[in-house]
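First comes the structure, then the notes that go with it.
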Amino acid sequence: MSEDMLLHFSSNSSNQSDQSLPTKIAKLEARLVGKASSAAPAPAPAQATWSSVSSLTKFGAPPPAEDLAESLVSSDSDDDNGGEFLIQANTQKRQKLEEDDRSTVFEHVEAVADIRQKIVETVGTKAGSEVNRKKQSRGRGHSVSGRGRNSRVNDQTRTQTSSTIPPTNGQIENSYHKEEITSLRAQVAALEEDLKKSRQEASEYQQLCRQLEKELKDLKEYEQQMKPKRTKIISDLLISVSKAERQEARMKVRQDSLRLGNVGVIRAGTVISETWEDGQALKDLNAHLRHLLEMKETVERQRKSLKKRQSDKGDGIDAETGVQEEDLIIQDEIYKSRLASIKREEESFIRERDRYELEKGRLIREMKRIRDEDGSRFNNFQILNHRYALLNLLGKGGFSEVYKAYDLVEHRYVACKLHGLNAQWSEDKKQSYIRHAIREYNIHKTLVHHHIVRLWDIFEIDQNTFCTVLEYCSGKDLDAVLKATPVLPEREARIIIVQIFQGLVYLNKRTQKIIHYDLKPGNVLFDELGVAKVTDFGLSKIVEDDVGSQGMELTSQGAGTYWYLPPECFELSKTPLISSKVDVWSAGILHYQMLFGRRPFGHDQTQERILREDTIIKARKVEFPSRPSVSNEVKDFIRQCLTYNQAERPDVLTIAQDPYLTYTKK
């Protein structure tokens, strides 16, 4: 019976999958149990054990080999003791095995293939060993050939069982993970290759950086070596250009002096005075004018004589008298025509003389500048503060000289204002002047606006001299412009006053407002593009935070330019209170002067006479000449600026909103 069972078991195991194998084993066990004559009641079939294996296989994790081996060994021990082929069921062990396997199924994903192989081998081995042991226990009449056949059956069974087990979920996942690991390893290899290349590139870059740093260091050293040479070359070139400009300026002065005139010296006893002697061009022009004047007087005398003859003839109406009367009328028309011609020539010569007068004024200023330059102790092209190369003198004031200079560090032209203290001054006066200059510097250094001249630097030259470095404006100042062209078109005058007010608005929008107090044509400069800039903050006032709406006290009464100061600055009965309305008045005077060629109050008066005659205090109303003709808008604007009552006059921020100062696209 055992041989039939073994043959049936081997044939079925070779044709069925691993999933039907437990069922077949269970059927064989049932058959064996049914044929046993006096055997004890059979325990639970081995299907429980195989169902456990099958369920674990379904979840992708086979049971542990040790547990399965333990189950099979237990059945072997029962067979040995009882002498029968029985498989005892262990329900508790099966449940525990299922619970443990389910809890660890995902932790053994990578070991699924190895464990499955071990299980298959264990099952095959145990099945063969059970059959062998059964034959040995029953082994009456069995031969070695039977054992050999049984061995072959076991091999076939193990081979068929091994080959017919389908891939589980764990195998699929393991295959997927292997592919993913292979891909990751390929990516890691690529990244390692990239890292190797990056390290190589970084090494090359570091080497290049070290090379560049070395070159930069060499360049800096070379720069330090070449800096004095370059500075000397630049300064030498600037000095050469300045010398050529000085020579050209002096040559032009000599030529213009021959044409326009020169300064002569007159000695009267012990008194030596200077006087102007006209040049040849002016002499010829004045001679033409005198000749025209003489011709005009001659023609006028002839015409008067003709009229006298006409009145002596009476009112005769004969033919002869009629002809004579016609001749007299014709002669009178000839005289009229000649007088008109003389007048036109005279007007032309007068215009030419006015042009010569303007050129003469420029010549006189240039001659004064050259004389001041020749007498200056800074005329030898010094380099101040190891940075500023002095070139040519721009002008000289009471206590200062302004030189055009070149900044050898920033490589730009600047204006150096050299403040000189008189060595004979008392120490108190020197300290007062220094305090005044430092105050101006502290006000000016913080101002940054495109319509205000910048202050770049300040430094000491010696014990009695210091220098302030200002923005250089290559154009003229407004005073020179008005001397060359006394009357400006309204359009040009308007854009100039708009720029001035933009600078004033900036001064009044600061945390600490500033009153310029000395706004006049000489303190409005133009750059090469024609942009107007306000300068000279020597008399400026800082409005403190605690100042009321009426303004601050004027502590420097008497300073300033009287033609451009408002009436409240001349108040003598009490200390005047001033505000930005002072600058509004000054701007109104400036605008009037640009439009009409004269100041509205005290134009022909000296400052002393203005102060003595109270000219500004009496300036209660502004009058406009009929010529040149200007718009009503500009007249209204000037009237607002020149409002006599300080309380009614608008301040800077208020007048800046006037439509006349705003531009809109037409």
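Readers should treat all values here as calculations from the given coordinates under stated rules, not as data from a laboratory. The model shown is predicted, which means the values in this text are computed figures rather than measured ones. Cβ sites come from the backbone with ideal geometry, for glycine too, and all protein chains shown count toward neighbours.
Just a few scattered comments:
- Alpha-carbon geometry of the range 175-261: the Rg and the Dmax are 34.8, 113 Å, given in that order.
- Normalised Debye scattering of the range 585-627 at q = 0.30 Å⁻¹ gives log10 I(q)/I(0) of -1.17, counting only Cα atoms as equal scatterers and leaving out solvent.
- In this entry, the range 334-457 is assigned a mean projected area of 13.3 nm², taken as a quarter of its C-alpha convex hull surface.
- Remark: the range 480-497, residue by residue, has Karplus-estimated 3J(HN,Hα) of 5, 5, 6, 6, 7, 9, x, 10, 9, x, 4, 5, 5, 5, 5, 5, 5, 5 Hz, where x stands for each Gly or Pro and the curve is 6.51 cos²θ - 1.76 cosθ + 1.60 at θ = phi - 60°.
- Take 248-258, 435-445 and order them by the average number of nearby Cβ atoms within 10 Å per residue, most first; the result is 435-445, 248-258.
- Total formal charge among the other residues, if their Cβ is under 14 angstrom from that of Lys296, Lys/Arg +1 and Asp/Glu -1: +2
- Cross-link pairs beyond the 29 Å C-alpha cut-off, checked among Lys360/Lys396; Lys229/Lys368; Lys483/Lys509; Lys429/Lys574; Lys520/Lys665; Lys368/Lys417: Lys229/Lys368; Lys483/Lys509; Lys520/Lys665
- Among Glu401, Glu333, the ranking by other beta carbons within 10 Å of each residue's beta carbon, starting with the fewest, stands as Glu333, Glu401.
- Counting every other Cβ atom within 10 Å of each residue's Cβ, Thr643, Thr485 order from fewest to most as Thr485, Thr643.
- Ordering Glu528, Glu173 by the number of other Cβ atoms within 10 Å of each residue's own Cβ, fewest first, gives Glu528, Glu173.
- Amide H contacts under 5 Å for Leu519: none, restricted to partners 5 or more places along the chain or on a different chain, H placed in the peptide plane at 1.01 Å from N.
- Long-range amide H partners of Lys476 with built H, under 5 Å: Phe526
- If the segment from Leu529 to Asn632 were pulled out straight at 0.36 nm per residue, it would be longer than the present Cα-Cα gap by 34.1 nm.
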